[in-house]
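One structure is given below, encoded as structure tokens.
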Amino acid sequence: MTLVAPLDWGLGHATRCVPIINQLLASGEQVLLAADGAALAFLRSEFPNLQWTRLKGYKMRYFWPLPLAIFLQLPLFGVSILLEHRRLKRLVKQHNISRIISDNRYGLWHRSIDSTIITHQLYIQLPRYLRFLQKPLHSFTARLLRRFSHIWVPDYAEVEKSLSGALSHGGALDAKVEYIGPLSRFTADCMAEPSLPVPSVLVVLSGPGRQKQRFAKRVLNHLRGTAKRILVVGAEPNLKYQVTDGNVLIVNHLPMQELNSLLKLAPHVIARSGYSTIMDLHRLGRDAILFPTKGQWEQEYLAEWRRRNPVGKN
């Protein structure tokens, strides 16, 4: 039995596990899904026949200033890592787990079982005013990563082709690091006919609830005065609703194939600059207007990296 466990900060970590799970199933392996919240709801909707268990994640509360929010919650993150490691030991016995694949969950390693972590954050990039903490942070994350048997980086090994830049190419690499190429649930040759009309502008929401709502409001306030047909997808698979307001259709969630087709066909795409979104756009050969979530340094870095390195867009 292979345990697949993505982090539950948004859907990105869960969506990029889809090709991994499909590959495991194609090779005849049994898979146990372990996650919480929207990530678990998404995986259960995509793989309804697989076994699953609820595995609590790292609950992050967002408030401003964000650096202070992260600093105050560091002890809680440490406790969460210890607790999920303890929970893993029980899961191994209960389900006879012989392999572990974790997406950014640092506590899911085992001394006697092949343990893999998927991450592009080998070298977390801090804003300029916190740059003095960057080396100690890299040393700390390196110690956490070395506990795993394998470190899979969903990016290209060549810096000139990289989608994540210094996040995955920022220093000397551990021998366990393997670049496996970008991961995306989407396929460039998807021919499914969407059930919804193809919009002029497709807005894909992601991230924390309040930030997501503010982003949607800001984008819609800018677009409402146009005659363009606008579709907003809310990235919440455990809730289902849709609202029509003039030229705007708001859909809380779309099945993977439907969203795949609309992302390919919509003339304009607006989204956050999360790494999973960037990998999806890369897979589909699509460009997009990307807005980083305020205060999320990784998204700010990725948006700037993508702007300065157009090679990564194709």
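Data for the structure
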read-out: Computed lengthening from residue 178 to residue 56, 0.36 nm per intervening residue step minus Cα-Cα distance; value: 41.2 nm
read-out: Members of 176/294; 56/294; 228/294; 93/176; 161/217; 135/264 lying beyond 29 Å, as alpha-carbon distances in this model show; value: 176/294; 161/217; 135/264
read-out: Cβ-Cβ FRET estimate between residue 49 and residue 132, R0 fixed at 41 Å, reported to 0.05; value: 0.25
read-out: Alpha carbon centroid spacing (whole Å) that separates the stretch 75-102 from the stretch 172-223; value: 29 Å
read-out: Total charge dipole magnitude, the chain, about the Cα centre, Cβ charges on Lys, Arg, Asp, Glu only, Debye to nearest 20; value: 1020 debye
read-out: Among (1) 20.3; (2) 19.8; (3) 19.1, the entry that matches Kirkwood radius over Cα pairs in Å as calculated here; value: (1)
read-out: Sum of -39500 (n - 2.57) over DSSP H runs of 4+, divided by residues of the chain (222 nm, nearest 500); value: -11500 deg cm²/dmol
read-out: Candidates per GluC sites (Glu not before Pro) in the stretch 140-234, loop by DSSP, up to 12 other Cβ within 10 Å; value: 158
read-out: Cα-projected label distance for residue 87 with residue 113, points at 7 Å along beta-carbon direction, nm; value: 1.4 nm
read-out: Residue 141 paired with residue 27, simple spin-label distance in nm, labels 7 Å along Cα-to-beta-carbon; value: 2.6 nm
read-out: Value of Rg to Rh for the stretch 2-179 (Rh from inverse mean 1/r over Cα pairs, i.e. Kirkwood); value: 0.96
read-out: Convex hull of the stretch 108-263 built on C-alpha atoms - directionally averaged projected area, nm²; value: 13.2 nm²
read-out: Length gained when the stretch residue 226-residue 166 is fully extended (0.36 nm per residue, less Cα-Cα span); value: 17.7 nm
read-out: Length-normalised contact order for the chain - Cα pairs under 8 Å, 6+ apart - percent; value: 16 percent
read-out: Cβ-derived FRET efficiency at R0 45 Å, residue 96 paired with residue 217, nearest 0.05; value: 0.40
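No lab work stands behind these numbers, since they all come straight from the coordinates. Values in this document were obtained by computation on a predicted structure and should not be read as measured data. Positions of Cβ are backbone-derived with ideal geometry, glycine not excepted, and every protein chain shown enters the neighbour counts.
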